[in-house]
Amino acid sequence: LLSASTAPRFAVDYELSSHLTVGAAAFFSWNSITDDDGDGISSVGVGLAPRVGYSITLSDRVSFWPRAGVTLSYVSASPVRGSASAFTTTSSTSYLPMWFNLEPTLVFAADPHVLLTFGLVCDIPLLGDVTTQSSTTIAGMTVERSTESTFKQLVVAAQFGLTGRF
């Protein structure tokens, strides 16, 4: 549940001059999983990914569009407790990752205004700070604890998209 790099993204790119592009992608994710007793975990994530690119024409309908950028996101997860739960421990985890992105992309012009994109995404980890906070109550006494760690995840994936040109 602590993964922001796999959430679908909405992106906008603008061609500044001949072939040079700037843009950004944004995403939001929400997950919740519970068992029959109502116990489980819930998470929410948000992120922003500014980028630059350069479009290289290969033919009338095909171009190569390499892009590079940075993705910064925030994901938070916490337990969900059902009404029958006897747990006295509550905890939450937050994850603040940052990646350097490389996106070699092929673009096929199905129509002058409709483009199909296919490519790879390589997210190289720069940061991966994880903070876990917990609170346990035993016999009326509450003990709180906070731990910090690092989790860096290299992501290589295939991507595809539908693009409109205006």
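Remarks
- Expressed in units of 2.2 N^0.38 Å, where N is the residue count, the Cα radius of gyration of region 54-145 is 1.90.
- Accessible carbon and sulfur surface of the chain relative to its total accessible area, %, 1.4 Å: 64 percent
- D (Stokes-Einstein, µm²/s), Kirkwood Cα radius, region 98-166, 1.002 mPa s at 20 °C: 135 µm²/s
- Hull volume per residue, based on the alpha-carbon atoms of the chain and their convex hull, is 126 Å³.
- Once the Cα gyration tensor of region 11-85 is diagonalised, semi-axes √(5λ) in Å: 43, 13, 7
- Residue order for TYR95, TYR14, TYR54 - accessible surface, 1.4 angstrom probe, largest first: TYR14, TYR54, TYR95
- Think of a 1.4 Å ball rolled over the protein heavy atoms: region 38-164 then has 58 Å² of accessible area per residue.
- Rounded to the nearest Hz, the phi-derived 3J(HN,Hα) couplings of region 30-40 under the Karplus curve 6.51 cos²θ - 1.76 cosθ + 1.60 (θ = phi - 60°) are 9, 9, 8, 10, 9, 8, 5, 7, x, 7, x, where x marks glycine and proline.
The values are calculated or read from the model by the stated rules, or taken from the named source; none is laboratory data. The shown structure was predicted, so the numbers you read here are calculated from the model rather than taken from an experiment. SASA here: full protein model, heavy atoms, side chains in, ligands and nucleic acids out. Shrake-Rupley method; radii C 1.70, N 1.55, O 1.52, S 1.80 Å.
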